[in-house]
Structure formats: structure tokens, C-alpha cells
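Everything on this sheet refers to the single structure shown next.
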Amino acid sequence: MIDAVRKVRLRSRMHLKLASGAKLVAKTNSSPRYYVLDAGNASDLEISGGQIIGDRHRHTGTTGQWGQGIMIRGCRRVTIRDMRISDCWGDGMSISSMRLNGRYDPWTPSSDVVIANVVSTGNRRMGLTLGGTRNIRVHGCEFSNTRGIKPGCGIDIEPDKHNMDRAEN
């Protein structure tokens with residue numbers, strides 16, 4: 001069980017390798033925002049194996065759409081592979097930008113991200129959201145059974161509203 005409000009923070013030069021039967025299950029919560037796994041301003045990161053299961057069917061709150069299985073912000077050289085993500089209050093995965101050094105710095109996109117052989121299913125908002133990103137490759141994946149709150153898609157490319165933020169390549 002993972003307290004997803006506190007989240008598991010991932011760092012640079014790390015491979016979080018879950019055994020094939022391992023499950024990271026989000027504890028029931030009422031927060032409009034949570035992340036089971038969270039990486040910000042990290043590089044050379046890999047996440048593989050196992051399952052992430054959100055609290056969608058046990059969530060006690062009624063607002064928000066940001067209960068993510070995996071949140072990647074402002075990261076470089078990331079691989080997410082060979083896993084299943086399901087039943088998140090928001091998105092299975094969200095890849096976006098972040099300000100690295102303070103509120104007046106420019107937004108730094110996540111770049112050089114590979115998502116391979118991932119099943120993201122039964123999430124409430126999205127299977128995969130791509131915000132401020134550069135050079136993203138997605139292959140051999142399934143994004144299915146997403147419904148509950150708009151836009152309710154498998155993959156949504158929605159660059160963040162920040163100045164000069166976009167999704168490309």
C-alpha cells in the first residue's frame with residue numbers, strides 16, 4: 001500500500017524494477033491530487049515491471065482529476081516499460097514540464113521519454129497525458145477503458161498553458 005498523497009519520489013540514475021507480480025496500490029484517500037510515483041527534474045530514470053493500482057473505486061473525495069499513477073515533470077531520458085497501470089482517480093501517466101529553480105524560471109519540458117509495453121486501463125481521466133514534452137516515443141502500449149471525467153481519452157496531447165510550452169516530436 002502506498003500513501004499516494006505523500007507519494008514515492010524517484011531520483012536521477014535510478015531503475016525502479018518491480019517483480020512481475022508486484023503491486024503498488026494507492027491507499028484510499030480524498031485528495032483531489034495524488035501521485036503514486038513522482039519524478040521531477042530527474043534524468044536517466046527507468047521504471048519497469050509490476051502494477052500500479054489507483055484508488056478510483058475507493059476514492060472518498062468528489063473533486064479533482066489529478067490522481068496519477070506516474071507523474072514525470074521536467075525529466076530527461078526516462079523509460080517506462082513492461083507494466084500495468086489501472087484505476088487511477090486521474091491519469092494512468094502524466095508527462096509534462098516544470099519550473100526547475102523557481103517561479104520566474106522558464107518551464108522545462110520532459111524530454112527523451114520512451115513508454116513501451118505498458119497497459120494503462122480503467123483510469124478516470126486519461127491513460128496517458130503529454131503536456132510540455134519533447135521527443136516522446138510510445139510503442140507496444142494499450143490505453144483503454146478510460147471514462148469518468150473529460151476528456152476521457154486513451155492518449156491526450158495537451159501542452160500546458162505556460163508561456164512557450166508545447167509538445168513536439
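Given (1) without any contact (Cβ under 8 Å) to a residue 60 or more places away in the chain; (2) out of contact with any Lys or Arg (no Cβ under 7 Å at 6 or more places or on another chain), identify the lone condition not met by residue 18.
The one condition residue 18 does not meet is (1).
Of everything in the range 148-169 that's in contact with a Leu (Cβ under 8 Å, 6 or more places away or on another chain) and acidic (Asp, Glu), which residue is most open to solvent (accessible area, probe 1.4 Å)?
The selected residue is 158.
How many residues are crowded, with 16+ Cβ neighbours inside 10 Å and not in a strand (DSSP E or B) when one looks only at the range 28-45?
Number satisfying all stated conditions: 4.
Could you list, in sequence order, the residues of the range 106-115 that are open to solvent by 10 Å² or more (accessible area, probe 1.4 Å), in a strand (DSSP E or B) and not charged (D, E, K, R)?
Matches in the range 106-115: 107, 108, 111, 114.
Tell me which residues, restricted to the range 1-23, are outside any strand (DSSP E or B) and closer than 22 Å to residue 90 by Cα.
1, 3, 4, 5, 6, 7, 22
Would you tally the residues in the range 1-51 being in contact with a His (Cβ under 6 Å, 6 or more places away or on another chain) and on the phi > 0 side of the Ramachandran plot?
0
Taking the range 130-141 as the search range and keeping residues that are assigned to a loop (DSSP other than H, G, I, E, B) and farther than 19 Å from residue 65 by Cα, which one is least open to solvent (accessible area, probe 1.4 Å)?
Across the range 130-141, the extreme among qualifying residues is 141.
What number of residues within the range 148-169 satisfy the criterion of being among the acidic types (Asp, Glu) and outside any loop (DSSP other than H, G, I, E, B)?
2
Rundown of residues vs (1) over 14 Å from residue 93 (Cα atoms); (2) open to solvent by 40 Å² or more (accessible area, probe 1.4 Å); (3) aromatic (Phe, Trp, Tyr); (4) in a strand (DSSP E or B), yes/no style:
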{"position": "104", "(1), (2), (3), (4)": "yes, yes, yes, no"}
{"position": "117", "(1), (2), (3), (4)": "no, yes, no, yes"}
{"position": "128", "(1), (2), (3), (4)": "no, no, no, yes"}
{"position": "143", "(1), (2), (3), (4)": "no, yes, yes, yes"}
{"position": "146", "(1), (2), (3), (4)": "no, no, no, no"}
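Scan the range 39-63 for residues that are β-branched (Val, Ile, Thr) and over 14 Å from the mean Cα position of the chain (by Cα) and jot them down.
The answer is 60, 62, 63.
Please list, ordered by residue number, the strands (runs of 3 or more DSSP E) wholly in the range 46-97 having 1 or more residues that are more than 20 Å from residue 27 (Cβ to Cβ), open to solvent by 40 Å² or more (accessible area, probe 1.4 Å) and touching a strand residue (DSSP E or B) at 6+ places or on another chain (Cβ under 9 Å).
66-73, 76-86
Which pairs have Cβ atoms under 7 Å, sit 6 or more apart or on different chains, and link a residue in the range 75-88 that is among the acidic types (Asp, Glu) to one that is at pLDDT 95 or above and surrounded by fewer than 23 Cβ atoms within 10 Å (Cβ to Cβ)?
82/48; 82/49; 82/117; 87/53; 87/56; 87/57; 87/122
Are there any pairs, at least 6 apart or on different chains, whose C-beta atoms fall under 6 Å, with the first in the range 101-124 and at positive phi and modelled with pLDDT of 95 or more and the second assigned to a loop (DSSP other than H, G, I, E, B) and crowded, with 20+ Cβ neighbours inside 10 Å, and if so, which?
122/87
The values are calculated or read from the model by the stated rules, or taken from the named source; none is laboratory data. None of the values given here were measured: they were computed from a predicted structure. Here Cβ is always computed from backbone atoms with ideal geometry, including for glycine, and neighbour counts include all displayed protein chains. Accessible surface areas use protein heavy atoms only, side chains included; no ligands, DNA or RNA. Shrake-Rupley method; radii C 1.70, N 1.55, O 1.52, S 1.80 Å.
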